[in-house]
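Report on the structure given below.
The values are calculated or read from the model by the stated rules, or taken from the named source; none is laboratory data. Worth saying up front: this structure is predicted, and the values here are computed from it rather than measured. Quick note on the areas: whole protein, heavy atoms, side chains included, nothing else; ligands and nucleic acids left out. Shrake-Rupley method; radii C 1.70, N 1.55, O 1.52, S 1.80 Å.
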Amino acid sequence: MVAGPVLVTALFGWAVAEPAFRKDAASSSGTGCRHRPETVAQIRKEPVLNEHPGAGSLGMDVDSVSCDTSPPGSSLGAVSHGAVSRRLTTTMTQAGVRAYYAGLAERSGWRPDPTTVGLYSATKPAGGGCPWWFVVTSEREGYGIQVSYQPLGVPADDCAWADGTPILLPDAN
C-alpha cells in the first residue's frame, strides 16, 4: 500500500529536479545556452523597453535566460529564450496600455503578432535566426514588458514564437 504513493512521489520529484540537473550539466560544460551580450545591448535601446505612457513608470530592466526547451511533441511547449524585461506601473486600463504599446511598436519597426500573446505581442527581424519577440502582459500590480531573443547555443530552428506556438512561463526574476 505504501509503495504506490512512494513511487509516485519519487517520479514527481525526478520530473521536477531533472531539468535543473540538465541545466547545471550544460552550464558547467560550457556548451549550454547563454545570453547574447550584444543582442541584450541592442534590445535595451528599443523604444518599447524605454518609453512608457505619461501616467506610468518603468522599473529597472532585467536580463534573463531560460534554457529549458521542451522536447519536440511535448504538450508543455516551453521554449528556450533570452529576455530583457521591465515592469510598468500605471493607472491606465489594459486597453489603454495595449493601444499605447501597439502604436509605439508599429512606429519603431515591430510587426504585430497575429496570434497575440498577453495584451499585445509583436516581432522584429533580428538578422538571421529567430526574430525578437515583444510581449506586454497584465500582472498582479502592473504590466510586464518583455523582449525575447534566441540565446547562444540554441539550435537555429528552436524558435517557437516564430511559429506562433509558444507558452512562456513567467520569469522568476
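The table below gives the values:
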| item | result |
| --- | --- |
| Whole-number D in µm²/s for the stretch 81-153 (Stokes-Einstein; Kirkwood sum over Cα pairs; 4 °C, 1.567 mPa s) | 102 µm²/s |
| Extension gain, GLU38 back to GLU51 (0.36 nm per residue minus Cα-Cα distance, nm) | 2.6 nm |
| Estimated vicinal HN-Hα couplings, Hz - the stretch 115-120 in sequence order (Karplus 6.51, -1.76, 1.60; Gly, Pro = x) | 9, 3, 10, x, 6, 7 |
| Accessible area in square angstrom per residue, the stretch 102-141, 1.4 angstrom probe | 52 Å² |
| J(HN,Hα) series, the stretch 91-105, from Karplus relation 6.51 cos²θ - 1.76 cosθ + 1.60, nearest Hz, glycine and proline x | 9, 5, 6, 4, 5, x, 5, 4, 4, 4, 6, 5, x, 4, 4 |
